[in-house]
Amino acid sequence: EQPSLQTQSHLRRLADAYTLFAFLKQTPDVQKVMLTVFSEGDIWMDTTAILPLIGESLVDDPEARHFTILMRAAVDAGLVLFVTEGVIEEVERHLNLAVAYGHNRTSTWTGRVPFLYSAFVLSGRPENEFLEWQRNICGREQPLQDVSDYLADELYIETRNPQEHPDAESIEQRRAVQQLRHATND
């Protein structure tokens with residue numbers, strides 16, 4: 001009669017799953033419908049999505065780059081992928097942190113090993129080649145522009161300011177999305 005918030009959340013997810021299952025069961029050509037539903041949209045990505053995509057470039061077999069394949073399929077379906085200038089700065093800072101780790105790993109490093117450094121080493125590449133690989137993404141002269149260019153050229157992800165985007169949502173829409181996001185994280 002009075003379910004806890006956790007129970008309510010669980011039941012809501014269960015209801016959503018059954019709704020999706022019913023939709024899929026009643027739709028003869030699911031792929032066609034999904035392309036229609038998800039075509040021509042914008043996806044704003046953050047650093048937690050971008051770093052694994054960059055790390056996946058270290059996978060030698062392009063067919064095994066599952067996240068990259070997923071992002072390319074989204075673009076092919078008509079979605080446009082974006083990052084903000086803040087995400088570009090975070091990626092550039094992460095790359096610099098990884099370089100610093102590479103120089104100091106044998107001395108007194110405190111903290112976690114940067115993700116991209118770990119991905120590089122786990123890919124089987126020699127640690128002394130990390131700086132060269134990193135420079136292909138982020139050079140010395142214009143590092144932020146280099147990261148932005150890399151994302152655009154390799155992953156079809158554009159850098160934009162959300163306030164300048166022609167379809168920038170209203171304050172009410174942003175608030176509603178933030179409330180949904182906070183509810184999901186709880």
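For this structure, a couple of remarks:
- Built amide H within the under 5 Å cut-off of residue 59, gap 5+: none
- Average silhouette area of region 54-117, convex hull of alpha-carbon atoms, in square nanometres: 5.7
- Using a simple spin-label model with pseudo-atoms 7 Å out from Cα toward Cβ, residue 96 and residue 145 lie 1.7 nm apart.
- Under 19 Å from the residue 61 label point (7 Å along Cα→beta-carbon), backbone N, region 110-135: 120, 122-125
- With K and R counted +1 and D and E -1, the other residues having a Cβ less than 11 Å from that of residue 81 yield a net charge of 0.
- R0 of 30 Å, Cβ-Cβ distance residue 4-residue 48: FRET efficiency to nearest 0.05: 0.55
- The label point for residue 18 and the one for residue 105, both projected 7 Å from the Cα toward the Cβ, are 5.2 nm apart.
- Cα point-scatterer Debye curve for region 95-164, base-10 log of I(q)/I(0) at q = 0.11, 0.24 Å⁻¹: -0.33, -1.10
- Region 43-106 - percent of accessible surface contributed by carbon and sulfur, probe 1.4 Å: 56
The values are calculated or read from the model by the stated rules, or taken from the named source; none is laboratory data. Remember, predicted model here, so these are calculated numbers, not experimental data. Cβ sites come from the backbone with ideal geometry, for glycine too, and all protein chains shown count toward neighbours. SASA here: full protein model, heavy atoms, side chains in, ligands and nucleic acids out. Shrake-Rupley method; radii C 1.70, N 1.55, O 1.52, S 1.80 Å.
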